[in-house]
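Visitor: Structure provided below as structure tokens; questions to follow.
The values are calculated or read from the model by the stated rules, or taken from the named source; none is laboratory data. Just so it is clear, the structure is predicted and the values come from calculations on it, not from any experiment. Cβ atoms come from the backbone with ideal geometry, glycine included; neighbour counts cover every protein chain shown.
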Amino acid sequence: MKKVIFFIFLLCILVSCQQIQRDLTRNAVLEMNGNFLYLDEIERVIPTGLSVADSAEYAESYKKQWIMGNLMYQKAKENVGKSKEIDELTEIYKRELIINKYQQQLILEKLKQIPEDSLLSLYQKRKESFLLKSPLIKGIFIQVHSSAQAQDSLSNLLSEINDENLESIMRYCTANALKYDFFIDNWTPYSKIIDNLPNKIESTDPILSRSTIVQQSEENTYYLKVIGICKAGEPSPYELIKDELYHILLNKEKIQFITDLRQELYNEAIENGIVHFYENEE
């Protein structure tokens with residue numbers, strides 16, 4: 001990979017140092033010894049998200065580096081001159097760049113999607129490698145004033161979570177809750193939720209197996225509906241590491257795909273007589 005990056009830099013210098021006519025359809029920024037640097041070339045390399053001032057500073061730095069690179073190339077060319085070794089290395093790196101570009105195009109076309117069952121299968125095989133360092137929880141947290149109305153109805157709604165009850169719970173929270181958090185579909189750090197309760201509960205406490213936990217303070221009532229909990233040391237939930245599993249499989253399939261492609265091309269070349277082997281004469 002380092003060779004490829006080096007060659008890209010080298011190729012840019014080689015191309016930029018070839019004397020060519022100015023492209024009048026583009027905005028030239030500077031010229032040196034018949035070589036032109038254009039505005040669109042600079043715009044392509046400026047990182048997104050920079051302020052106007054930072055973008056201008058980056059552009060100035062790029063122009064300076066472009067000039068220095070061209071000057072170094074000219075000086076090196078004057079002192080080194082033509083070299084068969086450099087020509088050979090240039091050809092090798094050029095070939096590697098073209099091969100790499102072609103492989104990337106094929107990978108994008110052939111490996112756009114990885115089946116869900118493949119990801120799930122990998123999760124079952126590798127889940128012990130993705131153990132949680134801290135507990136996670138799914139559920140609903142609600143804090144109301146102790147005098148809030150219809151708390152019995154709220155408890156009944158929390159006892160069975162379905163779409164209809166969720167809508168009713170949401171309406172209740174909008175009208176009465178001092179604070180609430182719906183994290184039914186999102187694994188959330190346990191500490192973030194449990195710190196809202198007046199009496200802390202360890203993630204290993206059997207009380208968490210209850211349908212709904214209710215606590216009281218002097219002024220408020222707290223409801224914690226536990227939908228799911230993952231303790232520290234247990235495998236991370238599938239949905240949290242799905243992207244990581246995807247990249248693991250993608251990299252694996254990339255390697256296999258390229259290996260198979262190279263072997264297929266080799267076999268076809270042999271079968272079609274494109275390759276000719278010569279036996280060494282002693």
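Visitor: Within the group Ile140, Ile241, which residue is among the aliphatic types (A, V, I, L, M), surrounded by 15 or more Cβ atoms within 10 Å (Cβ to Cβ) and either at pLDDT below 90 or farther than 30 Å from Ser118 by Cβ (or both)?
Guide: Unique residue meeting the criteria: Ile140.
Visitor: Looking at Lys127, is it modelled with pLDDT under 85 and charged (D, E, K, R)?
Guide: On the way: modelled with pLDDT under 85: no; charged (D, E, K, R): yes.
Here the answer is no, as Lys127 does not meet what is asked.
Visitor: Another question, if that's okay. Mind counting the residues in the range 180-220 that are over 18 Å from Pro135 (Cα atoms), of a type in the set (Ser, Thr, Tyr) and surrounded by 13 or more Cβ atoms within 10 Å (Cβ to Cβ)?
Guide: Number of matching residues: 2.
Visitor: Oh, and also: Specify which of the listed residues (Ser155, Ser168, Ser191) is in contact with a Leu (Cβ under 9 Å, 6 or more places away or on another chain), part of a helix (DSSP H, G or I) and of a type in the set (Gly, Ala, Ser).
Guide: Ser168
Visitor: Would you say Ser51 is touching a Pro at 6+ places or on another chain (Cβ under 9 Å), over 24 Å from Tyr102 (Cβ atoms) and modelled with pLDDT of 50 or more? Walk me through it before giving the result.
Guide: Values: touching a Pro at 6+ places or on another chain (Cβ under 9 Å): no; over 24 Å from Tyr102 (Cβ atoms): yes; modelled with pLDDT of 50 or more: yes.
Here the answer is no, as Ser51 does not meet what is asked.
For (1) charged (D, E, K, R); (2) loosely packed, with under 13 Cβ neighbours inside 10 Å, each residue gets a yes or a no:
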{"residue": "Ser146", "(1), (2)": "no, yes"}
{"residue": "Glu164", "(1), (2)": "yes, yes"}
{"residue": "Ser168", "(1), (2)": "no, no"}
{"residue": "Cys173", "(1), (2)": "no, no"}
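Visitor: Please verify whether the range 212-228 includes one or more residues that are touching an Asp or Glu at 6+ places or on another chain (Cβ under 8 Å), touching a residue at least 40 places away in the same chain (Cβ under 8 Å) and under 24 Å from Glu116 (Cα atoms).
Guide: No - not one qualifying residue is present in the range 212-228.
Visitor: Next question. Can you name the number of the only condition in (1) among the hydrophobic types (A, V, I, L, M, F, W, C); (2) surrounded by 12 or more Cβ atoms within 10 Å (Cβ to Cβ); (3) part of a helix (DSSP H, G or I) that Leu224 fails?
Guide: Checking Leu224 against (1) among the hydrophobic types (A, V, I, L, M, F, W, C); (2) surrounded by 12 or more Cβ atoms within 10 Å (Cβ to Cβ); (3) part of a helix (DSSP H, G or I), the one that fails is (3).
Visitor: Follow-up question, since we're still on this one. Consider the range 245-264. How many of its residues are within 30 Å of Pro135 (Cα to Cα) and touching a residue at least 24 places away in the same chain (Cβ under 8 Å)?
Guide: Summing the residues that are within 30 Å of Pro135 (Cα to Cα) and touching a residue at least 24 places away in the same chain (Cβ under 8 Å) in the range 245-264 gives 5.
Visitor: Provide a single number: the residues in the range 102-117 that are surrounded by 13 or more Cβ atoms within 10 Å (Cβ to Cβ) and either modelled with pLDDT of 90 or more or more than 14 Å from Asp243 (Cα to Cα) (or both).
Guide: 4
Visitor: If Glu202 meets every condition in (1) under 17 Å from Ala177 (Cα atoms); (2) of a type outside the set (S, T, N, Q); (3) part of a loop (DSSP other than H, G, I, E, B) apart from one, which number is that one?
Guide: Every listed condition holds for Glu202 apart from (1).
Visitor: To continue, here is another question. Inspect all residues belonging to the range 23-39 and state whether any of them is part of a helix (DSSP H, G or I) and not assigned by TED's automatic domain parsing to the domain that holds Glu253.
Guide: yes
Visitor: On the basis of being over 30 Å from Lys192 (Cα atoms) and surrounded by 13 or more Cβ atoms within 10 Å (Cβ to Cβ), does Ile99 make the cut?
Guide: Taking the combined requirement at face value, the residue satisfies it.
Visitor: Can you name the residue in the range 244-270 that is of a type outside the set (D, E, K, R) and under 14 Å from the mean Cα position of the chain (by Cα) and is also modelled with the highest pLDDT among such residues?
Guide: It comes out as Leu245.
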